[in-house]
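The structure appears below as structure tokens.
The values are calculated or read from the model by the stated rules, or taken from the named source; none is laboratory data. On a predicted model such as this, the values are computed, not experimentally measured, just so you know. Positions of Cβ are backbone-derived with ideal geometry, glycine not excepted, and every protein chain shown enters the neighbour counts. Only protein heavy atoms, including side chains, enter the accessible area calculation; ligands, DNA and RNA are left aside. Shrake-Rupley method; radii C 1.70, N 1.55, O 1.52, S 1.80 Å.
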Amino acid sequence: MKIGAITVGQSPRTDVTADIMGIFNGKAEILERGGLDGLTREQIQKFTPKEGDYVLVSRLNDGTSVTFAERHIIPRLQQAIQELEEQGTAFIMMFCTGKFPDTLKAKVPLIYPCEILDRVVPLLTAASSILVVTPSPLQITQSEEKWSRIVEQVSVTACSPYGEWKELEEAASLVRDTKADLVVLDCIGFSQEMKQLFAKETGKPVILPRTLLARLVSELTDV
């Protein structure tokens, strides 16, 4: 079965597929496209967020990260959807936990991690209290606004999955004593290894979007 995957950064997202392909147990071929494919860093710099923009953070082919405004890549994401449909994909996964406008249209199921998280997270927190880890300080306010509509208590900290490992260790240590009863790593860039780090430091359950997404989609390939 052919399954499409769209990153808001540059494809292929080998960092993500390294953690999820085993979940599909050889039953899926992943075809990828990216919202920033074919662009240079200089061109991407023109997409720098301004006040009021919805902020996204993603990975480039060289392994570095970029921060940009969502509005600049919406037409490019629509083109990516069309290309994947033309290649015969049965479903398309969005490799990003951000919220996207309804203007994006697809002829096949377009599966957003944010929609899965919005429904699953409240079921897994008995006290309706969560700690959210988001990649950039520029995303803290939008994350607080989003999650406060879903759970009663939310604390947000910023730490990039695309930075140095020691920064992740420091972030995990800082939130060690959080009163939340669930940790949400709110970016597709967070890995299994990073999940294990936060779980070890906090002693709490940790939600990893990339594997949650893959496990849901794998139900569709289990035929």
Loop-resident sites, region 15-62, for trypsin sites (Lys or Arg not before Pro), counting at most 12 other Cβ within 10 Å (DSSP):
46, 50
Backbone N within region 143-180 under 11 Å of label point (7 Å from residue 193 Cα along the Cβ vector)
165-166
Between residue 48 and residue 164, the FRET efficiency computed from the C-beta separation at R0 = 25 Å comes out, to the nearest 0.05, as 0.65
Full-extension gain between residue 25 and residue 129, please, as 0.36 nm times their residue separation minus the C-alpha to C-alpha distance.
34.0 nm
Charge sum, other residues only, whose C-beta stays under 14 Å from residue 180's C-beta, Lys/Arg counted +1 and Asp/Glu -1
-3
Lys and Arg at +1, Asp and Glu at -1: add these up for the other residues within a Cβ distance under 10 Å of residue 10 and post the number.
0
Expected max-MSF residue from 181, 19, 62 in the GNM of the chain (alpha carbon, under 10 Å) is 62
Of the DSSP beta bridges with both residues in region 1-117, give the percent that are antiparallel, rounding to the nearest 5.
30
Counting sequence-distant residues (5 or more places) and residues on other chains, those with an amide H built under 5 Å from that of residue 182 are 131
Report the charge-dipole magnitude of region 75-156 in Debye, nearest 20, computed about the Cα centre from +1 at each Lys and Arg Cβ and -1 at each Asp and Glu Cβ.
20
Most mobile listed residue (177, 118, 186) in the chain, GNM with C-alpha springs under 10 Å:
177
Enter the accessible area of residue 187 (Å², nearest 10), with the probe set to 1.4 Å and all protein chains included.
10
With n ≥ 4 as the cut-off for DSSP H runs, can you work out [θ] at 222 nm for the chain, using -39500 (n - 2.57) per run divided by the number of residues, rounded to the nearest 500?
-10500 deg cm²/dmol
Could you give each residue of region 20-35 its phi-based ³J(HN,Hα) in whole Hz, using Karplus coefficients 6.51, -1.76, 1.60 with θ = phi - 60°, and x for Gly or Pro?
10, 4, x, 5, 7, 6, x, 9, 9, 10, 9, 10, 10, 9, x, x
Taking the Cα centre of the chain as origin, work out the dipole magnitude from +1 charges on Lys and Arg Cβ and -1 charges on Asp and Glu Cβ, in debye rounded to 20.
240
Kindly provide the trypsin sites (Lys or Arg not before Pro) of region 94-182 that DSSP labels as loop, not H, G, I, E or B, and whose Cβ sees at most 16 other Cβ atoms within 10 Å.
99, 105, 107, 149, 176, 179
Hey, if you put +1 on the Cβ of every Lys and Arg and -1 on every Asp and Glu Cβ in the chain, which of 24, 203, 187 ends up farthest toward the positive end of that dipole?
24
